[in-house]
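Asks: Structure below; questions to follow.
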Amino acid sequence: MKTHLIFSFLAMITITAFSQQVDDKSFQNKNSFLFELGGNGFAYSFNYERIIINGNNFKTAAQIGIAYYPPSTGMRDIWFPICINELYSFGSHHIEGGLGYAIIREATRDAENNPDEWFWTGVFTGRIGYRYQKPDGRLVLRAGFTPFMEHGTAHEFHPWGGVSVGYSF
């Protein structure tokens, strides 16, 4: 099932890449810095995004971010969300959908709940949402449903959401 979803998503990106022409509705600024509350970095994240396919109605963006939570919070301390998002554009308004993976650093805890040993894990993540960005503008606003799917023994699904504000350059 997961393989079929990933294959379908990659096929959609490939088809869009070879079937569109760049024109005046494409983004003039292809790079963005975004601050996201909630979203793929759990409580917050700082993200860099690059538009890699910049067409008239379809755009593809690659995004990487980071979030840090101090050990005193008891949370998984470092998150690196990595996502590929597909945008369907109506001028300044965009429907956004994507898939990703958040690489997470965790600690095993000793009897006093102190970090004992660090290890890396991760969760699958997605995005379905709305984005506001003018083709020639610098402001980026996003809101979306960003669920997590933990793999391993649990296979737990966690519904989640997030809002972002960013600057495009």
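Please treat every number below as a calculation from the coordinates, not as lab data. Owing to the predicted nature of the structure, the values given are computational and were not obtained by experimental measurement. We place every Cβ from the backbone using ideal geometry, glycine too, and count neighbours over all the protein chains shown.
Asks: Summing Lys, Arg as +1 and Asp, Glu as -1, what charge do residues with Cβ under 13 Å from the Cβ of residue 132 carry, residue 132 excluded?
Replies: Net charge around residue 132: +3.
Asks: Please report the net charge: other residues with Cβ closer than 13 Å to the Cβ of residue 42, K and R +1, D and E -1.
Replies: On the way: positive: 76, 105; negative: 36, 77, 106, 150.
Summing Lys and Arg as +1 and Asp and Glu as -1 gives -2.
Asks: Name the residues of region 144-169 whose amide N is less than 18 Å from a point 7 angstrom out from the Cα of residue 136 along the C-beta direction?
Replies: Counting backbone N atoms under 18 Å from the label point, the list is 168-169.
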